[in-house]
Every structure is written in structure tokens, then in C-alpha cells.
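Taken together, the values in this text are just the output of simple stated rules run on the coordinates, not laboratory data. On a predicted model such as this, the values are computed, not experimentally measured, just so you know. All Cβ positions, glycine included, derive from the backbone under ideal geometry; neighbour counts span all protein chains shown.
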Amino acid sequence: MNRSTIDLWVGVFVAIGLGALLFLALKVGNLASFSTADTYRVDAHFGNIGGLKVRAPVKSAGVVVGRVADIGFDNQAYEAVAVLSIDARYQFPRDTSAKILTSGLLGEQYIGLEAGADGRMLKNGERMRITQSAVVLENLISQFLFSKAAEGGDAKGGK
Amino acid sequence: MRAALIRLGAAVTSGVWRLGYASRFFVYLLAHSGTALRRFRLTVREIYFAGVLSLIIILVSGLFVGMVLGLQGYDTLQRYGSSEALGVLVALSLVRELGPVVAGLLFASRAGSAITAEIGLMKATEQLSTMEMMAVDPVARVVAPRFWGGVLSMPLLAALFSAMGIFGGYLVGVVLIGVDEGAFWSQMQAAVDVRNDILNGVIKSVVFGVAVTLIAVFEGYDAPPTAEGVSGATTRTVVTSSLAILALDFVLTALMFTGGN
């Protein structure tokens, strides 16, 4: 086998191999849309974060605007602290509210932002005041059961 | 009873001895890789034999594995009304597991066995000792280029396997069955993470490349210099490296995908 033929084939092999890696990174993994963008960080305190995980999406009006960067526990207030890293292209008013929602019935949990009406925008390191915790199914069921029981008790007491 | 215990002890001792010998061989090989990297043409030749000549089997297998994943995945997913997640299923299973593992197994049987047979035969026909007599280090001149050729080829082959498999899944899912094309790609892009999934897959393929090629060159270099010895060493290469790939894959998966989340 000729030397330059071997070189040519190895060149072709390496080129299409790197092309495949690029295809995986750009078309399959979508490298372009994230990671390089500037972000700013905002804290949000929740009474209960349910099954929220680090790197869960932060959405506003259904559009992904950031990710959950970190989850911690505030030992003073006994609350969960979620650090949201939001794309710097998207600015939110200071009275924006954060809710922990679930996509679909059994899907993963994400944080939904609903913009407020304040003139000042959230800045890096600030804290969101208005939050709503995750819905925990067990609490919901026990509330339902208690209210049913209470209704039954009222009905009997009324007689 | 005593004889059985002696046989057991001998098997363990020789196994440990071979493992130690292989590790010393690996260190020696790394220390003498200078020639292979300085005279890069030697390595390029080995990339041709290990990588380019494996292209056909890798591409065709990747395409068929992807097409089968598309058919099977669609069959299961459409029962739950989520056939749009087909892209996610195909891409994640290929990028995380099937790409590196199946490409590694194919690479071991296609290129690893050839490397072992070549080096073993060079040893059996005393080409290696001739080199030593001419003050040429056979590890630097023969073994190291083959090692680096294999190590450089393997990640590229695994990436090609995954890309081809995703294309196969696309062919079956979108073109043949008619899953929505936009949902196929966009759900895939939303679910596949570049660092967690693709980079970990590449790391896996690099590790498998080192393991397979090291086993191949070691078995060839260590083969008894007879026709029987070379054939036995070739078989051992394929068996040992396949087992090594599967065991390493378990360890790497446990390290990569179970923490954090």
C-alpha cells in the first residue's frame, strides 16, 4: 500500500470521526444553545422543594430561561434554598414569583417564574420574595382525608 | 486434594504474576512511546490498520443497531403514547452505552485480534529478537505505534458508531414510521447533555481503547513463539478484552451516572 494512500485514508478517517463528534455535540446534544451564555444568580427560599434536583430547568411562560444551580438548606429559617442561574438575556422584575411545578402528571419538577410588575429588575445575588412550594402528594391526600373526616364529624354533630 | 490445592495456588500466582507483568509492560510501553509520537508516520500506519479498516464493520453495525433501537423503541413507546421520545431513547442509549461498548467489542475482535496475531507472529518468526540484535527496541518500534494507533482510533470509531446509530434510528423512526421530525430532534437535544452524556461516552471509549489495545499488544508480545501459542493468544485477546470492556463499563457507569442525580 502506497504511503500517501494510507495518509489520505487516515486523514479521511480522522476527519469523519471528528465530524461525528461534532454532530453529536451540536445536533444531538445542542452545545450551541447553552453553557457559553452569561448568567446571573438569584436565591429563592421554599418551604418544601419536593423532588426538585440540581440542573432542573427554570421556565417562564414555558420557555427555559435558566437552570437550578444549587440546592441548599437554610438552618436559620429551616427552609430550602434553591440558587437559580438565569440567562442574562432575560431580566425579571423584583416581585417575580417562583413556583415549583411538575411537567405532566408524573414528569420531572421544574421552577416556573411569573413576572411581577415592579420597575426594578432582579440583580445577581438577590432573593426572590414570593415563592410557592412543591405540591407533595401525601400532604394533599391527608388534607383531603382530614377535610372529609371533618365534614363527616360536622354532619353528625349537626343532628 | 493436595494436588487440587497446588493447582489452584499455581493458577492464582501465575494470574497475579501476569497482571504484574502486564502493568510493568504498560509502564515500559508508555516510557518508550517517544519514538511512536516523534516518528508519527509509524502511528499513522497503525491508525490505518486499526481504524480505517474497521470503518465498514463499525458503520454498518452502528446503522443496524440504531435501526433496531428505532423499531423496538417505537413499539414500546407508542403504547404509552410517547413515541416522540424515540429520539431521546435512541440517542441516550447509543451515546451513553451502546456506542462505546459495542464499538469496543467490535474493535477488540476486528483490530485487537489482528494486532495480537501480527506481534505474536513477529515474535514466532524471531523478527523481534532480530530487532533487538540490531539495537532497535521492539517495544518502541513495533508495540508503541500499534498501541497509540489503537488508542487514537477507538474514540473516533465509537463516535462514528453513535452518529451512525442515531442516523439509523432517524431513518426508521422518522422516515419509515413517521414520528414527527421536529419532536424527534428537539426532544433529543433537550435531553442529551454535552458534558454528562456525550463527554462521558467519549471518556468511556478512550478507556476501552486503552484497555483493548493494551491487552492486544501484551498478549501478542507475551505469546509463546509457536503457531499454537499465537492462535491461543489471539483467542485470549478477544475473550479478555471483551470481558474487560463489560466490567469496566459497569464500573464507569456506576461512577458517572449514579452520583449527583
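Take the Cα radius of gyration of the stretch B:1-148 and divide it by 2.2 N^0.38 Å, N being the number of residues; the result is 1.52.
Between A:THR5 and B:ALA190, the FRET efficiency from the beta-carbon distance, with R0 = 45 Å, is close to 0.55.
Over chain B, what is the relative contact order in whole percent, taking alpha-carbon pairs under 8 Å and six or more residues apart? Relative contact order for chain B comes out at 31 percent. In terms of other Cβ atoms within 10 Å, B:MET188, B:MET67 run from fewest to most in the order B:MET67, B:MET188.
Sorted on the mean count of surrounding Cβ atoms within 10 Å across their residues, most packed first, peptides B:132-141, A:126-135 read A:126-135, B:132-141. On a per residue basis, the convex hull of the C-alpha atoms belonging to chain A measures out at 201 Å³. Measuring how big the protein assembly as shown is from its alpha-carbon positions, Rg and Dmax come out at 28.8, 111 Å. Put a dot 7 Å past the Cα of B:GLU181, heading toward its Cβ, do the same for A:ASP118, and the two dots end up 4.6 nm apart. Listed by chain and number, the aspartates and glutamates whose alpha-carbon sits under 15 Å from that of A:LYS123, ignoring those within fewer than 8 places in the same chain, are A:ASP38, A:ASP43, A:ASP87, A:ASP95. Taking a point 7 Å from the Cα of A:GLU108 along the Cα-to-Cβ direction, the residues of the stretch B:86-106 with backbone N closer than 14 Å to it are B:88-89, B:92. Label point of B:ARG24 set 7 angstrom out along Cα-Cβ; within the stretch B:219-248, amide nitrogens under 17 Å from it belong to B:219, B:221-223. Between B:PHE40 and B:ASP75, the distance separating the two model label sites (each 7 Å from Cα on the Cα→Cβ line) works out to 4.8 nm.
Here A:ARG89 and B:THR258 are evaluated by their C-beta separation; at R0 = 41 Å the FRET efficiency comes out at 0.75. A simple charge model with +1 on the Cβ of Lys and Arg, -1 on the Cβ of Asp and Glu and nothing else charged puts the dipole of the stretch A:1-153 at about 340 debye relative to its Cα centre. Translational diffusion coefficient of the stretch B:158-261 (Stokes-Einstein, Kirkwood radius from Cα pairs, 37 °C, 0.692 mPa s): 197 µm²/s.
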